[in-house]
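The values are calculated or read from the model by the stated rules, or taken from the named source; none is laboratory data. What you see is a predicted model; the values in this text were computed from it and never measured. Glycine gets a Cβ as well: all are built from the backbone with ideal geometry, and neighbour counts include every protein chain shown.
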């Protein structure tokens, strides 16, 4: 039975490779370390160039990507406090999620 609301048939499979967070070989998605929703905010325009905001990304599996946005839903918090892979992996909630995901198929 198809899910209501979101059109899941539009989601394309990304390139296949190793997730930068959990290391599993999966189809990958791009996670913007500085979310696009904050690219026009004055704070971020002063701190980062447009090029840096656009190109600061990591390739991760869908499970890791969903976990980041479920655990840290605030886009501004993600941009301010978790704008590198190292900062993401240093967070205890994310670390536990990545450990769990790495044990999945």
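A few remarks follow.
- The sole residue among 68, 94, 34 that is assigned to a loop (DSSP other than H, G, I, E, B) and touching a helix residue (DSSP H, G or I) at 6+ places or on another chain (Cβ under 7 Å) is 34.
- Here is the figure for region 43-65: residues that are surrounded by 13 or more Cβ atoms within 10 Å (Cβ to Cβ), farther than 15 Å from residue 89 by Cβ and out of contact with any helix residue (DSSP H, G or I) (no Cβ under 7 Å at 6 or more places or on another chain) total 8.
- Per-region count, region 10-52, residues under 17 Å from residue 83 (Cβ atoms) and in contact with a strand residue (DSSP E or B) (Cβ under 8 Å, 6 or more places away or on another chain): 6
- Breaking point among (1) at pLDDT 90 or above; (2) exposed (fewer than 14 other Cβ atoms within 10 Å of the Cβ), for residue 21: (2)
- Inside region 48-79, residues that are in contact (Cβ under 8 Å) with a residue 12 or more places away in the chain and within 11 Å of residue 35 (Cα to Cα) make up a count of 8.
- Hey, residue 72 touching a strand residue (DSSP E or B) at 6+ places or on another chain (Cβ under 8 Å) and at pLDDT 90 or above or not: no
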